[in-house]
Amino acid sequence: MHPAGAAAAGTPRQRKWPSKRRIPVSPPGMADPHQLFDDTSSAQSRGFGAQRGPGGLGYPAAAASPQEAFLADPVSNMAMAYGSSLAAQGKELVDKNIDRFIPVTKLKYYFAVDTMYVGKKLGLLFFPYLHQDWEVQYQQDTPVAPRFDINAPDLYIPAMAFITYILVAGLALGTQDRFSPDLLGLQASSALAWLTLEVLAILLSLYLLTVNTDLTTIDLVAFLGYKYVGMIGGVLMGLLFGKVGYYLVLGWCCVSIFVFMIRTLRLKILAEAAAQGVPVRGARNQLRMYLTMAVAAAQPLLMYWLTFHLVR
Amino acid sequence: MAFTLYSLLQAALLCVNAIAVLHEERFLKNIGWGTDQGIGGFGEEPGIKSQLTNLIRSVRTVMRGKKKNEWNTLKF
């Protein structure tokens with residue numbers, strides 16, 4: 001395995017977007033750079049196997065006899081073997097074809113999170129003003145898993161926040177005696193429809209402005225899903241403290257999400273020149289700046305639109 | 001409030017249909033968005049207008065499928 005370069009300026013290849021910052025040495029705790037999840041299976045099975053050896057000898061003779069009597073019958077033996085081979089075939093077929101419809105391996109990257117990452121990311125979503133370095137770290141051309149880099153997008157927080165938003169909406173409607181079960185489905189459908197519309201609009205704008213970016217669709221869904229966290233905070237405060245609390249917390253979360261989106265998207269969309277902080281003149285960069293501002297401005301608007309009817 | 005996934009699907013379907021039934025000679029050429037007007041050279045920036053014309057042309061080609069050549073010939 002070739003070692004990761006110390007500085008990205010060392011690579012002679014022509015790049016369209018800024019040189020990716022590479023980790024000079026493997027950070028502590030990361031055994032294999034491409035491994036997303038810790039592998040604890042071998043340690044556990046070894047421990048349990050040693051335990052069960054001497055202590056389990058007394059058991060199998062007594063407990064297994066009724067099962068053994070059932071399995072001793074050759075027909076049922078054959079039937080079990082046939083059934084298990086059918087199941088294995090079915091599983092193989094599904095595993096082979098699932099990657100065609102849902103990119104499972106790509107999705108696994110977005111769920112490789114741990115508690116520390118979630119805590120720090122939530123803190124960043126509510127208070128992004130002091131964070132200095134917003135660039136995602138790379139390790140040999142693949143982005144580092146979210147658990148090792150706080151700037152990497154993940155899908156765990158947006159998914160959990162979406163579900164919590166639906167539940168909190170149900171709670172809010174319930175306290176106002178306006179609840180009925182189909183309203184939950186309506187809320188979920190409405191929020192998903194707005195999310196889909198946002199993603200499509202941004203993809204269309206990126207295509208029309210011919211922006212060369214490594215922002216994937218799933219990345220976009222992740223970034224646009226972060227606003228649900230602020231929405232939950234606002235509605236909960238609105239439940240506890242009425243309209244004043246709702247407007248205060250929602251205003252704070254709107255400004256935070258605005259700043260967060262601008263700082264994150266600036267590195268992805270305005271990659272070439274403006275990432276270093278220098279404002280560049282020129283029609284192309286100006287249009288891209290407008291796009292970033294529009295995306296960031298749409299977040300507070302949607303946050304208000306999706307929650308104001310829940311707080312009375 | 002009644003903005004559901006189904007209404008989004010309906011809107012998308014109607015938009016795609018609208019793009020597919022646009023008559024090139026009557027409308028697009030008058031605006032200057034016809035498919036044979038000014039594709040442009042291999043300059044650096046395609047520009048928004050040429051991207052839009054390409055998009056409209058691609059959607060129409062995909063929607064029309066393979067049967068465009070058979071419209072004028074009757075097959076029995």
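Positive-end ranking of A:ALA161, A:ILE98, A:ALA191 along the dipole of segment A:76-197, with charges on Cβ about the Cα centre, is headed by A:ILE98. Distance between Cα centroids, segment A:194-217 to segment A:85-140: provide it in whole Å. Result: 20 Å between the Cα centres. Available extension along the chain between A:LEU183 and A:THR216 is 8.6 nm, counting 0.36 nm per residue and deducting the alpha carbon span.
Projected label points at B:LEU55 and A:ARG312, each 7 Å from Cα along the beta carbon direction, are separated by 4.1 nanometres. Cross-link pairs exceeding 20 Å between alpha carbons, from the set A:LYS120/A:LYS243; A:LYS121/A:LYS268; A:LYS121/A:LYS243: A:LYS120/A:LYS243; A:LYS121/A:LYS243. Between A:ALA294 and A:PHE37, take the C-beta separation as r, use R0 = 35 Å, and let me know the FRET efficiency to the nearest 0.05. E between A:ALA294 and A:PHE37, to the nearest 0.05, is 0.40.
Laboratory data are not the source of any read-out in this text; all were calculated from the coordinates shown. Because the structure is predicted, anything quoted here is derived from the model rather than measured. Neighbour counts are summed over all protein chains in view; Cβ atoms, including those assigned to glycine, are modelled from backbone coordinates with ideal geometry.
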